[in-house]
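Novice: My questions all concern the structure below.
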Amino acid sequence: MPSKPANSKKNPERAKKPELPRTEPIRSWSTIFGPNGAGAPLNAAEQPAAGWATDSVRRGVELGYRVLDDYLRQGASAAGAFAAPPRTWAPSPDDLPRMTERMLQYTSDFTSLWFDAMRIMSNNGGAQPGSDGKATRSSPDRPTEAPGRARWVLDVRSERPAEIIVALDEPVAGELTVEPLRASSGKRAITDAAIRPGAEPGGALRVRVHVPPKLPPGRYTGAVVDAATKQPKGRLTVTLAK
Amino acid sequence: MAVIGGGCAGLTTAFELSSPEHRGKYAVTVYQTGFRLGGKGASGRGPADRIEEHGLHLWMGFYENAFALMRQCYAELGRDRKKCRIADWTDAFVPDPLCGVMDRAPDGRWSPWVANLPPMPGLPGDPDAAPARWTVADYLQRSVILVRSLLETIQTGVQGKVDKSASPERNPIGAAPGELSAMMERIMSYGGLAGFGGLIEGLKILDEVARALPRFPREGILRFHQVLADSARAQIDRLTANDNGLRRLWEVAELVLATIRGIIRDGLVTDPRGFSAIDHLDCRAWLRQNGASERAVDSAFLRALYDLAFAYEDGDIERPGIAAGQAVRGAVRAFFTYRGAFLWKMQYGMGDVVFAPLYEVLLRRGVGFEFFHRLRNVGLGPKEPGERPHVETLSFEVQAKTVAGRPYRPLVDVRGLPCWPSEPDWGQLAGGQAMKREGRRFESHWDTRNVGKRTLTVGRDFDIAVLAVGVGAVPFVCRELIDSDPRWKEMASKVKSVPTQALQLWLRKEIGELGWNRGSVNVSGYVEPFDTWADMPQLIREETFPTPVKAVAYFCSVLRDGGEEEMKTPDYPERRQREVRRHAIRFLNEDLGRLWPRAVDGAGRFRWDLLASPTARAAGADERRIDSQYVRANVEPSDRYCLSLPGTLSARISPLDQTYDNLTVAGDWTDCGFNEGCVEAAVMSGRLAAHAVSQQPPLEKIVGFDHP
């Protein structure tokens, strides 16, 4: 304890609180993605630059914005068509539910991508484990190189053009199971889908997606689960075009 | 170090500053009004050793700082389990995953919605941890697990026993793939509903387009908008009217959608203020402006949020208010960062579990305690040019002195357990028996009788002051600060508090026999005057009633504030106490039957013979039996509950504030990073106050201080 002067009014050396280098909390969202004290503390001036670490996330977010913009334009056009005062009017039972389901799906996907982007930004652009891959209809079985990560073998069968996204949250080595891929509505699903790490020579990842005949266009998503621990490890999404 | 106030915040500061790491650098003395520590958390032992609390204290699984404090405390205490039944923190706190809200259907009928929230890895307060690193996958995984719990409560309910598939023994993370797919199938089956929700979302966005693109005829779009919205809402209402499960799920979905929409729309993800950017708005208003319906904002979930925070300005239930940013922050922390269980229930009174162990450890470390010292004024020193202002004096009234000046021993032994009594030990006090006859109320602001005054002077009696009094006491003891410092003036006028009311019942039948078949639960969101109920069977074995007690129930709620003039009258606390007694009688006769259908007679009136008395004296079988129970009006300034009203959080003063060179503040009313009235905020503020003095603990180690 610092020495206590007998009379503080005459003695300027009375004990005082120290000057503090920081007196405010850090409210940046980078803190939500990591433990306090990880690395040097961040202040507002040190927030990660708004650069995008991976092409896939950037593309995904850009795609999300484009889709939303496109949808808004469509919606505005539809609204404009009703500019003349309607007499009696009711929503078309076919058009609007489809539009709104797409809207909900895009909003959900976009939000998820947004959080992915924020996570990557909070890691200062460090490469994240996980990978994505794309395939189109009747893609041949050939390894596809993802930049600097795993080698892939794609086994895809689909009557329609298909975009496939595999999002694994961390490297996996054990057996994986893929839950049936379902859309936001409808009862049909893609059940013949699998991801096999190390199944191919050289340790390539084998992704199999066999889309059943006459499956309606849409986005089908299923969880990828570690067969041993039953923990979710990511998701597999197939988007069937019209 | 003069720590004024022996509640959670002040004792936390004392704990930190007396830590062995400081090697005795700080000589700490705690100054406390009355005869016991604890502040709003103080409890005592009354007749039949019954525990008498200020109200209901639930510890949440995200209270990392508070649990870390208690775990360190118990570890250092090293009690012998053979001699003391609370030897370890796990004897004191037990996981409590079952919680519920009282849901009101559109037809006005009440029904409970009880959820068994799944256990999460780890234990709160685990050392070297903030919560495990969050990846988006963790966030989504938690969301999925919580949604699954939600769906299970809708599917199967909890009929007097925990749903096996959500039992605490089973780790939901290890759910079999078949169960995951069943869950996803169930979510997908609501696809039709989600479509309508998307419709409304789409309409909201169209509305924004209309504002942004003036070439689109606004009138036409608005008409279009209104027709579609009305049509959609009508269809949702039809779909959910007869299905409570669907309706509840839809209400939650709406709230989640509105929250996500608000986070994106208001740019909270990139705003350096994080959620604080919307603290000027009320939570319900913010949700409404982001698309939540009236039904969703009046849902059981949201009502429970407000009830648990006593978030009603001036105690008026027609004026709910909670800062939106803090509400969202609290929800994120509560639901996504809890460890072990969502809630943890104390197995004894809070005084027994928290403040007795803390007192013992602090005493052992050499911290001094001055009981019966009521702070009257924080006096400022003369302003020196170029110097920061400072506190010169701390003026106290000495309420009582001990016989021969011996140290006051505040604890009593209840069958081997150190506890706080509900009355002082009059025998230790000089003139104690006379004081007892006079009815001295040492904890009452209105009883100003004292045996002397004492003024501490800086440099001689203290160097640095930690003001850890309750927020309601600040205007009475900090007049000089308020009159001379605009920030203190603003804080005193904006940071408001409310009184609360509490009721404890001891019953001669088990809760199941009274008609509640949803398990031992904590329920909120019910009606005033007692909107929150907790079943407390764990206390039965601890108390020694002459009549066998089969159930213990705690109720609490906000209490309407008195007017300024009303509060000055000397019999104010007695009048409010009588008022709460009337509330209790009315509640038991008119509202309790919906929770416990067999606790009321054929006319719907409460069966007073169900109440167990702590004394052998027989009480009447009518309303007078309420006097054998514990009814409490928490109207003392120090007992008032701090609010987080919209537009007020920026007026709070931080423990890290550098304005005064020898003063820091601590309490759940300060700007502590989690600006809501709760134990966790109090402990965080106490740690911050310690940091302000010693730069320990590091700010990065105060879990949740840095958080959006």
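The values are calculated or read from the model by the stated rules, or taken from the named source; none is laboratory data. These figures come from a predicted structure and were not determined experimentally. Glycine gets a Cβ as well: all are built from the backbone with ideal geometry, and neighbour counts include every protein chain shown.
Novice: Basic (Lys, Arg), touching a residue at least 60 places away in the same chain (Cβ under 8 Å) and in contact with a Phe, Trp or Tyr (Cβ under 7 Å, 6 or more places away or on another chain), is that true of B:Arg487?
Specialist: no
Novice: I need the full set of residues from the stretch B:699-708 which are at the interface with chain A (Cβ under 7 Å from one of its Cβ atoms) and part of a loop (DSSP other than H, G, I, E, B), in order please.
Specialist: B:Val703, B:Phe705, B:Asp706, B:His707, B:Pro708
So that you can scan it fast, the table gives a plain yes or no per residue for (1) at pLDDT 95 or above; (2) aliphatic (A, V, I, L, M); (3) in the same structural domain as B:Leu656 (by TED's automatic domain parsing); (4) not in a helix (DSSP H, G or I):
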residue	(1), (2), (3), (4)
B:Ala9	yes, yes, yes, no
B:Tyr26	yes, no, yes, yes
B:Gly34	yes, no, yes, yes
B:Leu56	no, yes, no, yes
B:Cys73	yes, no, no, no
B:Glu76	yes, no, no, no
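Novice: Testing B:Met567 on (1) within 30 Å of B:Gly379 (Cβ to Cβ); (2) at pLDDT 95 or above, one condition comes back false. Which one is that?
Specialist: (2)
Novice: Within the stretch A:178-234, which strands (runs of 3 or more DSSP E) (wholly inside it) include 1 or more residues that are among the β-branched types (Val, Ile, Thr) and at pLDDT below 80?
Specialist: Output list reads A:218-226.
Novice: If you don't mind, another one. Quick one: what pairs do we get from the stretch B:402-419, first residue polar (S, T, N, Q), second outside any helix (DSSP H, G or I) and surrounded by 12 or more Cβ atoms within 10 Å (Cβ to Cβ), C-beta under 7 Å, 6+ apart or different chains?
Specialist: From the stretch B:402-419, the pairs are B:Thr402/B:Tyr408; B:Thr402/B:Leu429; B:Thr402/B:Ala430.
Novice: Are there helices (runs of 4 or more DSSP H) fully within the stretch B:233-300 with at least 3 residues that are closer than 27 Å to B:Asp706 by Cβ and at pLDDT below 80? List them.
Specialist: Because the criterion is at least 3 residues that are closer than 27 Å to B:Asp706 by Cβ and at pLDDT below 80, the helices (runs of 4 or more DSSP H) in the stretch B:233-300 that meet it are B:244-265.
Novice: Oh, and also: Find all pairs meeting these conditions: Cβ atoms under 7 angstrom apart; at least six residues apart or on different chains; first residue within the stretch B:64-77 and closer than 19 Å to B:Gln347 by Cβ; second residue polar (S, T, N, Q).
Specialist: B:Leu69/B:Thr12
Novice: Restricting attention to the stretch B:78-92, which residues are part of a helix (DSSP H, G or I) and surrounded by 17 or more Cβ atoms within 10 Å (Cβ to Cβ)?
Specialist: Residues satisfying the conditions are B:Trp89, B:Ala92.
Novice: Are any residues in the stretch B:361-403 of a type in the set (Gly, Ala, Ser) and modelled with pLDDT under 95, and if so, which ones?
Specialist: Pass one, the stretch B:361-403, residues of a type in the set (Gly, Ala, Ser): B:366, B:368, B:379, B:381, B:386, B:395, B:400.
Within the stretch B:361-403, B:Gly386 is the sole residue that qualifies.
Novice: Related question: Would you mind stating whether B:Gly452 is away from every other protein chain (no Cβ under 14 Å), touching a strand residue (DSSP E or B) at 6+ places or on another chain (Cβ under 7 Å) and on the phi > 0 side of the Ramachandran plot?
Specialist: The answer is yes for B:Gly452.
Novice: List the strands (runs of 3 or more DSSP E) inside the stretch B:93-159, counting only whole elements, that have at least 2 residues being closer than 25 Å to B:Asp591 by Cα and at pLDDT 50 or above.
Specialist: B:98-104, B:110-116
Novice: Could you list, in sequence order, all residues of the stretch B:640-679 that are assigned to a helix (DSSP H, G or I) and either buried (at least 24 other Cβ atoms within 10 Å of the Cβ) or modelled with pLDDT under 95 (or both)? Give the steps one after another, and end with the answer.
Specialist: Just the residues of the stretch B:640-679 that are assigned to a helix (DSSP H, G or I), to begin with: B:649-651, B:679.
Answer for the stretch B:640-679, where residues must be assigned to a helix (DSSP H, G or I) and either buried (at least 24 other Cβ atoms within 10 Å of the Cβ) or modelled with pLDDT under 95 (or both): just B:Val679.
Novice: For residues that are over 23 Å from B:Cys672 (Cα atoms) and crowded, with 22+ Cβ neighbours inside 10 Å, tally how many sit in the stretch B:7-33.
Specialist: Number of matching residues: 1.
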